[in-house]
1. Out of D4, D25, D9, D37, report the one residue that is in contact with a Phe, Trp or Tyr (Cβ under 9 Å, 6 or more places away or on another chain) and either in a helix (DSSP H, G or I) or modelled with pLDDT under 95 (or both).
2. Looking at A210, A274 in this structure, which one is surrounded by fewer than 24 Cβ atoms within 10 Å (Cβ to Cβ) and not basic (K, R)?
3. Within segment 403-424, can you find the residues that are among the hydrophobic types (A, V, I, L, M, F, W, C), surrounded by fewer than 17 Cβ atoms within 10 Å (Cβ to Cβ) and out of contact with any Phe, Trp or Tyr (no Cβ under 7 Å at 6 or more places or on another chain)?
4. Would you tally the residues in segment 347-399 being of a type outside the set (S, T, N, Q) and either open to solvent by 30 Å² or more (accessible area, probe 1.4 Å) or farther than 23 Å from V306 by Cβ (or both)?
5. Can you give me the ranges of the helices (runs of 4 or more DSSP H) entirely in segment 210-288 with at least 3 residues that are under 21 Å from the mean Cα position of the chain (by Cα) and closer than 20 Å to R304 by Cα?
6. Considering only residues that are loosely packed, with under 15 Cβ neighbours inside 10 Å and either part of a helix (DSSP H, G or I) or of a type in the set (S, T, N, Q) (or both), which ones fall in segment 45-58?
7. Whether any residue in segment 235-245 is touching a Leu at 6+ places or on another chain (Cβ under 7 Å), open to solvent by less than 20 Å² (accessible area, probe 1.4 Å), at pLDDT 95 or above and not hydrophobic (A, V, I, L, M, F, W, C) is what I want to check.
8. When segment 174-192 is examined, which residues are found to be surrounded by fewer than 24 Cβ atoms within 10 Å (Cβ to Cβ) and in contact (Cβ under 8 Å) with a residue 12 or more places away in the chain?
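The values are calculated or read from the model by the stated rules, or taken from the named source; none is laboratory data. Because the structure is predicted, anything quoted here is derived from the model rather than measured. Cβ: placed from backbone, ideal geometry, glycine included. Neighbour counts: every protein chain shown. For the accessible areas, the whole protein counts, side chains as well, though only heavy atoms, and no ligand, DNA or RNA atoms are used. Shrake-Rupley method; radii C 1.70, N 1.55, O 1.52, S 1.80 Å.
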Amino acid sequence: MINDICLLDNPLYHYYWLWEIIMRDPLVISGQNLTVDDIAAVAQGRPVDIHPDAIPRMERSRKAVERLVAEGRIAYGITTGFGRFKDKLISGEQVAQLQLNLVRSHASGVGPELDEASVRAMLVVRANTLALGFSGVRPVLVQLLIDLLNRGVFPCIPSRGSLGASGDLAPLAHMALVLIGEGEAIFHGRRLDGASALQQADLKPVVLGAKEGLALTNGTTLMAGIGALLVCRASNLAITADVAASLALEALHGTARAYDARVHAVRPHPRQIACAALLRALLGSSRFLRTADPNNVQDPYTLRCVPQVHGAVRDTIDYARWVVNIELNAANDNPLVFVDEDTGEADIVSAGNFHGEPISVAMDSMKFTLTDMGNMSERRTARLVDADCNEGVLPMFLAKNGGLESGLMIAQYTAAALASENKILSHPATADSIPSSANTEDHVSMGAIAVHHTNQVLDHVETIVAIELLTAAQGIDFRCETMGLTPADMGQGTTKAYALIREQVPFLDQD
């Protein structure tokens, strides 16, 4: 739909894939160039490969870890326990058992399991992070993550259990279980134990070495992977909301005068300007709009202020895109392994790159504004179905035989219910923190919660906007009937949008 109706030569409004190219060629990851658009493509099935340049980087850091263990040096999570057990030293003979115990004990997630697209996103994000070469893992571990993706083995990962620091521990532990032949996975639509899934995909489990269990479980993988998918969906939704608002304006006999380029040039927020430009392009040449009327010089805010509100929504989507694009190519486990390329000397640094605050803030910000965009869409729907509110331009509840029939009365109820629920979901996850690991991990991001709530808000706003599209198209048909117009008299872009809606949903002439 977006491809058909977008009229501007502006990358903000051309968010769709060259699928024939993307799905044919593998995405080559190196740890440095992954984008949210790449994540969306992999989530839809694009194969993945690893760049040869990443192999030496991983091998260098792996040798450093092995040397550290051989020398008996102390390093967090390699020769010590985890969290509050950071002061418990682990012998060289026990480092492999330590990593196995970590994965098993941390696989304590609960709740609905993540869908296939989310799991695919997590697999490629974790592989890319490890490919940077600061995690001290063997290349074979990264290759197995990629093999799971390419052969369709999807670990069963419960969605709840992450505090967003030390990263997404529980979800990632469930993912890691399958790599060692434990846990459960979906393969060709069947739920299998991890060992059977690997065997049927002609893959072999790995035996974890020093640091490798920690590297698999300690990071922002769920937040970044699912966050990338949410940014892509939100970008598409923002465009669709512009289309819905344009259709509603035509159905309500509104005016596009408030979208005048001069108005937005003197308040130069770039995405407000871009939104107004798209609205003008969508509505170009429309005969459904109101001409200059001294008795009706301006429309209600939900029609008049679309660029200002939708532009602000795009600000937060673009901010989230910026944050997630950085995080996708970040070393975010702990500790990190820094190897001097000249001397080969290694420095193992314990720090906090696993903390999900940047993603949590970005997702919270995006869900606030998406909630408000849903509020605005629902109010336009309410105006479309209320003859008292739309001054009789359209019949009450868009019913052909009002009274005998209720028309689209309850569609607006549904939109209102979802808009109201979004206000509850918009409580900032970032504002909360509960200490964990005996108060060693005493401030967490709750970034996974921010991601899950943003996902719910997106689901709701997609439905709210769909209801607006439905009611606006119904209103267009009534306008055609009463004013002697046809859909061909609509705007250059809205004509195409209307046609696409009517391909799926006919005019509702009776309940």
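1. Residue meeting the stated conditions: D37.
2. Details: A210 fails: surrounded by fewer than 24 Cβ atoms within 10 Å (Cβ to Cβ).
Sole residue among the options that is surrounded by fewer than 24 Cβ atoms within 10 Å (Cβ to Cβ) and not basic (K, R): A274.
3. The answer is L404, I410, A417, I424.
4. 29
5. Output list reads 221-251.
6. P56
7. yes
8. The first filter runs over segment 174-192 and keeps only residues surrounded by fewer than 24 Cβ atoms within 10 Å (Cβ to Cβ), leaving 180-184, 186-192.
I180, G181, E182, G183, E184, I186, F187, H188, R191, listed by residue number.
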